[in-house]
Amino acid sequence: MGTTGIIIIALAIYVAVYLLYGRRIARDVVKIDATRETPAHRLYDGVDYVPGRWPVVFGHHFASIAGAAPIVGPIVALAWGWLPCILWIWLGNAFIGAIHDFLALTSSVRYDGKSVQWISGEVMRPRVSFIFSIFVYLVMILVVAAFANVLLGVFIGTPAVATASLLFIAIAVLIGYLIYQKKVNLAVMTVLGLALVAAAIVGSVHIPLSLSKAPWLIIIFFYIIIAASLPVTRLLQPRDYLNAYILWFGLAIGGIAFIAISAPMTWPAVTSFNAYVLGGQPSPFWPAVPLVIACGALSGFHAIVGSGTTSKMLDTEAHALRIGYGGMLTEGFLSTIVVVAIGAFGLSVAGIKAGEVGIAGWKGFGIPLFSQSYAMGLNQVFAIPIAMGALFATLWVSCFVLTTLDTTNRIARFAWVDILTRGVRSEAARRSPAFRFFTYKWVASAIAAALGIWLATSAGAFSALWAAFGAGNQMLAALALMTSAVWVTNVLRTGKWKYAVLIPAFFLWITVIAAGIWYISARIGSPPTLAIVGIMLVLAVYLLYEVIAALKKGPKEVV
Amino acid sequence: MKLQPVRQFLKDFEGGLRSRSTGYIGFELREMENIFSLLLVGSFIGIPSPPSDISVRLMPYIVREMYVMGRRAGDMDDISGEIYGLFAP
């Protein structure tokens, strides 16, 4: 089968699932009512609650959920073969991930735009909301570790990207300065910024920045702390602004290229159920797959975005399906393109035979496997030089990784303060110098960065750390989906259609718990990584107790 | 003519992609507005400046800010959720 065939099948499945299943969920589970006022209208204030046209809200939502993870996950998972990967992406999207995102969005709409964390405390007990913060903090530490590791691999493996990424940061700071301090016209700055980025990509080929692991780790450590503590206008905002254009451009030309080329899939369709995927050890496809293909199929972060931000912009409930459910399918399509690109060109990029994939001694390939494959697709259709295309694709990933590190550290800092504030009840203790020291923004940032970088250095194989991040992300998704399941069962009281949520919620919970137990028992990660996964497992088991207690307690009033 | 809806969709979608970054600015602006409002009407809750009569005279101009501030005070139990949503990786 060729790339065009797979992409057409993917599009057909997504359209069918959206029309036949998504709409049914919207109608029979959530009982979407286009005439019901959304918080954006009911609580309109021109600041937080503002209705937007659906493509704007969709673009905002998609930019918030799409990052490097839907690209990195499939790269690692392809050791099982492209067919099981793509099936997990499609089925995971349709029956778990998209429902998870859609319900997080709609439940938030029904609760005046509150976050899924708040709703979990409302439909279960307030302590679940506290557990949510602990989960978020632990996952953020793992994100810092995993993405610092990704960045390390990219910078050491492709020194020109290190140069391009540093230039990109400098360009973002310059653009931010000119826009906000010198009040230069935004359109002029956008054109200038993109021209400078293009020049940086071309120029970086000639000035690669080669450093070893230790100096890069030190640089990344200080970068995380400084970037996460700077006002957003200095770096985060202008860089995210330029990132949006890179994402848009990359998706558009990549989508066109891989529909047009129709190259045969040379990567093996299936290798082995126990392929050597994680930490150089035989890894069972089930339950380990969600630890690897996290965001491409389903992601706990999406519930956080959908419920905290997107829900306040929704013009009508009728748009929730295309934004929540459709947004997840679009991200799945991005992962599909990654699988297809590597499926078509991966073997020639890696210089291996099909029989060598996923066997004993398999260490996997990093970002270059995707960027080179992607570049070969662009080369065949647009005649873009492979070196330039690969550099662009790697910069695309590294830009998202850098933004992820920055925002993750900010969240970790807030979560840290939230946990300490909720944990320390006494006012006198909160006024103590120790409390103030540990909640000071630079200290809180440094703690998260230090823990993350320490994990990154001690985790061993990259895939082992990536799987720990995946475990945290998927447990967060299980927590959000369980919250939605309780909401659907106890608040909406949707009858037998509640099983459309309860079954995926429990399936995800069982899968993630089984995967976590396997991860620990097989000693895939380093001791600190295993400890974090262990803590999250305990919290996930406690969560089940809370869910069952809430379900037994029975219905609440309809919201 | 028939391409107009497609163009509008692409324009809106592209605007939406950028709106995540402008959302950061919005968040900081809102925080500054909160501080500004608090400074203006602070005399009512014990912050000594400015004097109450100035606050009362300013009040017609800050109706929206006071409304938003009041609602946000009610949402304080979900502030971490909002921040996670804004910066989610």
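Points worth noting:
- Which numbered condition B:M66 fails, given (1) touching a Ser or Thr at 6+ places or on another chain (Cβ under 9 Å); (2) surrounded by fewer than 17 Cβ atoms within 10 Å (Cβ to Cβ); (3) closer than 22 Å to A:A303 by Cβ: (3)
- Being in contact with an Asp or Glu (Cβ under 6 Å, 6 or more places away or on another chain), under 30 Å from B:G15 (Cα atoms) and within 14 Å of chain B (Cβ to nearest Cβ) is a property that holds for A:A228.
- Sole residue being small (G, A, S) and surrounded by fewer than 21 Cβ atoms within 10 Å (Cβ to Cβ), chosen from A:A187, A:A148, A:A172, A:A104: A:A187
- One residue from A:L291, A:L278, A:L321 being touching a Lys or Arg at 6+ places or on another chain (Cβ under 8 Å) and of a type in the set (A, V, I, L, M, F, W, C): A:L321
- Within region A:344-358, residues that are closer than 10 Å to A:Q372 by Cα sit with their Cβ atoms under 8 Å from residues that are modelled with pLDDT of 90 or more and polar (S, T, N, Q), at 6+ positions apart or across chains, in these pairs: A:F345/A:T266; A:F345/A:Q372; A:F345/A:S373; A:G346/A:T266; A:G346/A:S373; A:S348/A:T266; A:V349/A:Q372; A:V349/A:S373.
- Subset of region A:8-53 [among the hydrophobic types (A, V, I, L, M, F, W, C) and touching a strand residue (DSSP E or B) at 6+ places or on another chain (Cβ under 8 Å)]: A:A40
- Residue in region A:95-108 that is within 11 Å of chain B (Cβ to nearest Cβ), over 27 Å from A:M1 (Cβ atoms) and at pLDDT below 90 present: no
- Some residue of region A:397-405 being at negative phi and more than 13 Å from chain B (Cβ to nearest Cβ): yes
- Qualifying residues in region A:315-348 (those that are β-branched (V, I, T) and under 17 Å from A:S64 (Cα atoms)) - the one surrounded by the fewest Cβ atoms within 10 Å (Cβ to Cβ): A:T330
- Checked against the criterion of being within 14 Å of chain B (Cβ to nearest Cβ), under 26 Å from the mean Cα position of the chain (by Cα) and at pLDDT below 85, region A:255-262 contains one or more residues that satisfy it.
- Residue check, A:H41 crowded, with 24+ Cβ neighbours inside 10 Å and either over 25 Å from the mean Cα position of the chain (by Cα) or at pLDDT below 85 (or both): no
- The residues listed here are A:M313, A:M328; of these, the one that is in contact with a His (Cβ under 8 Å, 6 or more places away or on another chain) and over 15 Å from A:F102 (Cβ atoms) is A:M313.
- Single match in B:L40, B:L58, B:L29 (criterion: away from chain A (no Cβ under 14 Å), of a type outside the set (D, E, K, R) and surrounded by fewer than 17 Cβ atoms within 10 Å (Cβ to Cβ)): B:L58
- Unique match (being within 25 Å of A:T404 (Cβ to Cβ), within 12 Å of chain B (Cβ to nearest Cβ), among the β-branched types (V, I, T) and out of contact with any Asp or Glu (no Cβ under 8 Å at 6 or more places or on another chain)) among A:V76, A:V136: A:V136
- All helices (runs of 4 or more DSSP H) inside chain B with 1 or more residues being under 14 Å from the mean Cα position of the chain (by Cα) and among the hydroxyl-bearing types (S, T, Y): B:4-41, B:63-74
- Any hit, region A:210-222, residues being under 19 Å from B:I25 (Cα atoms), away from every other protein chain (no Cβ under 13 Å), at pLDDT 90 or above and part of a helix (DSSP H, G or I): no
- Region A:203-229, residues that are of a type in the set (S, T, N, Q) and either buried (at least 16 other Cβ atoms within 10 Å of the Cβ) or within 15 Å of A:V150 (Cα to Cα) (or both): A:S204, A:S212, A:S229
- Residue count, region A:25-41 (criterion: outside any helix (DSSP H, G or I) and free of Cβ contacts under 8 Å to residues at least 60 places away in the same chain): 2
- Residues satisfying the stated conditions in region A:44-72, i.e. under 22 Å from the mean Cα position of the chain (by Cα), β-branched (V, I, T) and facing chain B (nearest Cβ under 7 Å): A:V56, A:V57
The values are calculated or read from the model by the stated rules, or taken from the named source; none is laboratory data. Please read these numbers as outputs of a predicted model, since none were measured by experiment. Here Cβ is always computed from backbone atoms with ideal geometry, including for glycine, and neighbour counts include all displayed protein chains.
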